[in-house]
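A.B. asks: Have a look at the structure that comes next, please.
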Amino acid sequence: MLTPPFILSIAGGGSTYTPGIVKSLMVRLEDFPLAEIRLYDIDEARQRTLAPVVEKVIRDHSDTIKFIVTSDAETAFSGAHFIFAQMRVGQYKMREQDEKIPLRHGVVGQETCGPGGLAYGLRTILPMVELIDLVEQYADKKAWIVNYSNPAAIVAEGVRRLRPNARVLNICDMPVAAMRNIGAILGVDRHKLQVDYFGLNHFGWFTRILVDGEDRLPEVRRHVAQFGLLTEDASKTDPQHADPSWVKTWRNIKPIMDHFPDYLPNPYLQYYLMPNQIVEHQDPHLTRANEVMNGREKKLFAAAEEYQRTGILPDAFHVGVHGAFIVDVACSLAFDLRQRHLVIVENKGAIANLPYDAMVEVPAYITANGPEPVRMGAVPLFHQTLLMQQLASEQLLVEATIEGSYEKALQAFTLNRTVPTMQHAKAILDDMIEANRDYWPQLQKAWQDGESL
C-alpha cells in the first residue's frame with residue numbers, strides 16, 4: 001500500500017469543483033493525511049484565479065501542507081500518490097454547443113447524455129489517455145488516478161481499450177447524489193444505506209435499498225409516487241443538485257416509476273425514456289450550461305476576485321457529495337478499507353447477461369488493489385435490451401475516436417435512444433463536427449474526404 005502522508009495532484013485544478021473537493025479533503029485529514037496538494041491545469045489563467053481560494057481553504061486547516069500550482073506535468077505528477085482527474089475539454093463554451101446543437105434539431109440537449117454526451121466523449125478520450133501516460137511517466141508507480149471526468153462511461157471504455165493496465169478508478173457522483181436524496185427521504189445518512197444497483201454510468205437502476213438489513217425500496221417507491229426523488233419540502237438536497245432544473249430532474253423519476261415500478265431509476269434515464277417531454281421543456285437558447293456559467297461559475301470567480309481585493313472569502317462554494325465521495329473512495333484505496341461504493345468497472349460477470357468486457361456501474365468493494373465488483377446476477381430482458389443498445393452506442397463512439405471514423409460516429413449517434421432517426425443523427429453530427437473543428441481533426445478530415453454518407 002501507499003504510505004501516508006500523501007502527495008495529491010488535482011488535474012483540472014481550475015475547475016469550479018476544486019475548492020469543494022479540497023474542503024472535503026481538509027475536513028478528512030485524519031482519515032486521509034496529506035503532505036502536498038498540487039493543482040494542474042493547461043488553462044493557467046483560470047487556475048491562477050482560483051488558486052488563492054484553494055490555498056485559503058488549505059490554510060484554514062493546515063499550515064504544513066505544501067501547495068503547488070502548475071501547468072507543467074512533471075512538476076504536477078512527480079512522485080504523486082493520488083491524482084484526482086476532473087478535466088473538461090472545451091470548457092463550458094463547448095458544453096453549450098453540446099446542448100444547443102441537438103436542440104436545434106428537436107433532440108435532447110444534455111451534457112453527458114444523447115448527442116451532447118457523445119460529442120463530449122469524442123473530445124475527452126484521447127486527452128484522458130495523455131493524462132494517464134503523463135502520470136505513469138512521473139508519478140509513484142503505485143499511484144491511483146481517481147477519475148471524475150465526464151462522460152464517465154465513454155471515458156472508462158476508452159481507457160479500457162487504449163490503456164487496459166492503467167491504475168484508474170472511474171467514478172460518478174450521480175448515484176451517490178440519489179442515495180443522499182434517498183437517505184433524506186428515509187431519515188438516515190446516505191452512508192447507512194447499502195444498495196444494489198446495476199447499469200452503465202448515467203443509465204442504471206437501484207434494485208434494493210437496505211437500512212440495517214431491511215429493504216426500504218417499497219417505502220421509497222411510495223414516496224416517489226407523490227413527490228419524485230425529493231423530500232416533501234425539497235429543502236434537504238445538496239445545493240449542487242437543488243436548482244430548478246435539478247428539481248425537475250428529481251421529479252421526473254415519478255413518471256418513469258409510474259410505468260416501470262420495479263426498480264428506482266437513475267434520474268438521467270429521463271433523457272432516454274421520455275425525450276420528447278424533455279425537449280418540450282428545454283429552452284434552446286438557455287441551457288444548463290448557461291445556468292452554470294451564470295450561476296456557480298460566475299459566483300465562484302467573483303468570490304475569488306473579491307478575496308484577492310479584500311482578503312475576505314465569501315461563501316461561494318459548497319461541499320456536497322461530489323467532494324465527499326471522491327475522498328471516501330480515495331481513503332478506501334489508500335488503506336484497503338474494502339468499503340462498498342458504486343463505481344464503474346469492467347463487467348467480468350458482475351451483470352451476468354451483459355458482455356464480459358462492458359464497463360458497468362455496480363457496487364464494488366474498494367481495496368488497495370482496486371475494485372472488487374459485487375455480482376448482480378442476470379437482469380430482466382427489458383433492462384438488458386436498453387443497456388445493450390446504450391452500450392453499443394458508447395462502444396462505437398470509442399471506436400470512432402480511435403479510428404477517426406465518421407461512419408462509426410454516425411452509427412453511434414443513430415443508435416442512441418434520444419435520436420429519433422438516421423437523418424437526425426447525421427444532421428447533428430455534421431453540425432457538431434463543424435463546432436468541434438479544433439478538437440476532432442481526424443473526424444473532420446474523414447468528413448471532408450467524403451467518408452460521410
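The values are calculated or read from the model by the stated rules, or taken from the named source; none is laboratory data. All values derive from a computational prediction rather than experimental measurement. In this analysis, Cβ positions are derived from the backbone assuming ideal geometry, glycine residues included, and neighbour counts consider all displayed protein chains. Quick note on the areas: whole protein, heavy atoms, side chains included, nothing else; ligands and nucleic acids left out. Shrake-Rupley method; radii C 1.70, N 1.55, O 1.52, S 1.80 Å.
A.B. asks: Given the criterion assigned to a helix (DSSP H, G or I), closer than 16 Å to GLY199 by Cβ and among the aromatic types (Phe, Trp, Tyr), identify the matching residue among PHE382, PHE413.
C.D. replies: Numbers: PHE413 fails: closer than 16 Å to GLY199 by Cβ.
Only one candidate qualifies: PHE382.
A.B. asks: Within the bounds of the stretch 233-253, is there any residue that is aliphatic (A, V, I, L, M), modelled with pLDDT under 95, surrounded by 15 or more Cβ atoms within 10 Å (Cβ to Cβ) and touching a Pro at 6+ places or on another chain (Cβ under 8 Å)? Let's see the steps before the verdict.
C.D. replies: Filtering the stretch 233-253 down to residues aliphatic (A, V, I, L, M) leaves 234, 242, 247, 253.
Filter again for modelled with pLDDT under 95, leaving 234, 242, 247.
Remaining after also requiring surrounded by 15 or more Cβ atoms within 10 Å (Cβ to Cβ): 234, 242, 247.
Checking the rest, the ones that are also touching a Pro at 6+ places or on another chain (Cβ under 8 Å) come to none.
For the stretch 233-253, residues aliphatic (A, V, I, L, M), modelled with pLDDT under 95, surrounded by 15 or more Cβ atoms within 10 Å (Cβ to Cβ) and touching a Pro at 6+ places or on another chain (Cβ under 8 Å): absent.
A.B. asks: A further question follows. Please verify whether the stretch 123-133 includes one or more residues that are touching a Pro at 6+ places or on another chain (Cβ under 6 Å), of a type in the set (Ser, Thr, Tyr) and buried (at least 22 other Cβ atoms within 10 Å of the Cβ). If you could, list the steps in order and put the result at the bottom.
C.D. replies: Initial filter on the stretch 123-133 (touching a Pro at 6+ places or on another chain (Cβ under 6 Å)): none.
No, the stretch 123-133 contains no residue that is touching a Pro at 6+ places or on another chain (Cβ under 6 Å), of a type in the set (Ser, Thr, Tyr) and buried (at least 22 other Cβ atoms within 10 Å of the Cβ).
A.B. asks: Still on this structure, I have one more. Only one residue in PRO265, PRO275 is touching a residue at least 60 places away in the same chain (Cβ under 8 Å) and touching a Leu at 6+ places or on another chain (Cβ under 9 Å). Which one?
C.D. replies: Working: PRO275 fails: touching a Leu at 6+ places or on another chain (Cβ under 9 Å).
After applying the criteria, what remains is PRO265.
A.B. asks: Scanning for something open to solvent by 50 Å² or more (accessible area, probe 1.4 Å) and either modelled with pLDDT under 95 or part of a helix (DSSP H, G or I) (or both), does the stretch 394-404 turn up at least one residue? Break it down into steps so the answer makes sense when it comes.
C.D. replies: Narrowing the stretch 394-404 to residues open to solvent by 50 Å² or more (accessible area, probe 1.4 Å): 402-403.
Those still in the list that are either modelled with pLDDT under 95 or part of a helix (DSSP H, G or I) (or both) too: 402-403.
Yes; the residues of the stretch 394-404 include at least one that is open to solvent by 50 Å² or more (accessible area, probe 1.4 Å) and either modelled with pLDDT under 95 or part of a helix (DSSP H, G or I) (or both).
A.B. asks: If you don't mind, another one. With the condition being touching a His at 6+ places or on another chain (Cβ under 9 Å) and open to solvent by less than 50 Å² (accessible area, probe 1.4 Å), I'd like the helices (runs of 4 or more DSSP H) fully within the stretch 263-316 carrying at least 1 qualifying residues. Don't jump to the end; show me each part of the working.
C.D. replies: Values: elements: 270-273, 275-280, 288-292, 298-310.
Qualifying helices (runs of 4 or more DSSP H): 270-273.
A.B. asks: Ok, one more. Of all residues in the stretch 436-453, which are assigned to a helix (DSSP H, G or I), without any contact (Cβ under 8 Å) to a residue 24 or more places away in the chain and either open to solvent by less than 70 Å² (accessible area, probe 1.4 Å) or among the β-branched types (Val, Ile, Thr) (or both)?
C.D. replies: GLN444
A.B. asks: Inspect all residues belonging to the stretch 315-328 and state whether any of them is over 30 Å from ILE209 (Cα atoms) and over 21 Å from the mean Cα position of the chain (by Cα). Walk me through it before giving the result.
C.D. replies: Within the stretch 315-328, the subset over 30 Å from ILE209 (Cα atoms) is 315-317.
Among the residues that remain, those that are also over 21 Å from the mean Cα position of the chain (by Cα) are: 315-316.
Scanning the stretch 315-328 turns up at least one residue that is over 30 Å from ILE209 (Cα atoms) and over 21 Å from the mean Cα position of the chain (by Cα).
A.B. asks: (1) within 21 Å of the chain's Cα centre (by Cα); (2) open to solvent by 40 Å² or more (accessible area, probe 1.4 Å); (3) polar (S, T, N, Q); (4) under 18 Å from ALA166 (Cα atoms): which one isn't true of GLN389, the others all being true?
C.D. replies: Result: GLN389 fails condition (4) only.
A.B. asks: Let me ask something else. Quick test of your reading of the structure: PHE413 fulfils all but one of (1) surrounded by fewer than 16 Cβ atoms within 10 Å (Cβ to Cβ); (2) aromatic (Phe, Trp, Tyr); (3) closer than 17 Å to PRO115 by Cβ. Name the failing condition by number.
C.D. replies: Every condition holds for PHE413 apart from (1).
A.B. asks: Yes or no: GLY106 within 16 Å of the chain's Cα centre (by Cα) and over 23 Å from VAL168 (Cα atoms)? Talk me through it step by step, then tell me what you get.
C.D. replies: On the way: within 16 Å of the chain's Cα centre (by Cα): no; over 23 Å from VAL168 (Cα atoms): yes.
Taking the combined requirement at face value, the residue does not satisfy it.
A.B. asks: Here is a follow-up. Taking the condition out of contact with any Lys or Arg (no Cβ under 6 Å at 6 or more places or on another chain), open to solvent by 60 Å² or more (accessible area, probe 1.4 Å), closer than 22 Å to VAL129 by Cα and in contact (Cβ under 8 Å) with a residue 12 or more places away in the chain, does ILE433 pass? Write out each step before concluding.
C.D. replies: Working: out of contact with any Lys or Arg (no Cβ under 6 Å at 6 or more places or on another chain): yes; open to solvent by 60 Å² or more (accessible area, probe 1.4 Å): no; closer than 22 Å to VAL129 by Cα: yes; in contact (Cβ under 8 Å) with a residue 12 or more places away in the chain: yes.
Here the answer is no, as ILE433 does not meet what is asked.
A.B. asks: Another one. Tell me whether the stretch 197-216 contains one or more residues that are more than 22 Å from the chain's Cα centre (by Cα), over 29 Å from GLU372 (Cβ atoms) and either not in a helix (DSSP H, G or I) or not aliphatic (A, V, I, L, M) (or both). Talk me through it step by step, then tell me what you get.
C.D. replies: So in the stretch 197-216, the residues more than 22 Å from the chain's Cα centre (by Cα) come out as 208-216.
Restricting the remaining residues to those that are over 29 Å from GLU372 (Cβ atoms) gives none.
No, the stretch 197-216 contains no residue that is more than 22 Å from the chain's Cα centre (by Cα), over 29 Å from GLU372 (Cβ atoms) and either not in a helix (DSSP H, G or I) or not aliphatic (A, V, I, L, M) (or both).
A.B. asks: Residues to consider are ILE351, ILE366, ILE344; find the one that is at pLDDT 95 or above, among the β-branched types (Val, Ile, Thr), more than 18 Å from ASN147 (Cα to Cα) and crowded, with 17+ Cβ neighbours inside 10 Å. Can you show your working first?
C.D. replies: Details: ILE366 fails: more than 18 Å from ASN147 (Cα to Cα); ILE344 fails: more than 18 Å from ASN147 (Cα to Cα).
So the residue among ILE351, ILE366, ILE344 that is at pLDDT 95 or above, among the β-branched types (Val, Ile, Thr), more than 18 Å from ASN147 (Cα to Cα) and crowded, with 17+ Cβ neighbours inside 10 Å is ILE351.
A.B. asks: Right, another one. Any idea how many residues of the stretch 180-232 are farther than 25 Å from LEU273 by Cα, small (Gly, Ala, Ser) and surrounded by 17 or more Cβ atoms within 10 Å (Cβ to Cβ)?
C.D. replies: 2
A.B. asks: Would a scan of the stretch 348-358 turn up a residue that is outside any loop (DSSP other than H, G, I, E, B) and closer than 30 Å to THR207 by Cβ?
C.D. replies: Start the filter on the stretch 348-358 by keeping residues that are outside any loop (DSSP other than H, G, I, E, B), which leaves 351.
From the residues that got through so far, the ones that are closer than 30 Å to THR207 by Cβ too are 351.
The answer is yes, given that some residue of the stretch 348-358 is outside any loop (DSSP other than H, G, I, E, B) and closer than 30 Å to THR207 by Cβ.
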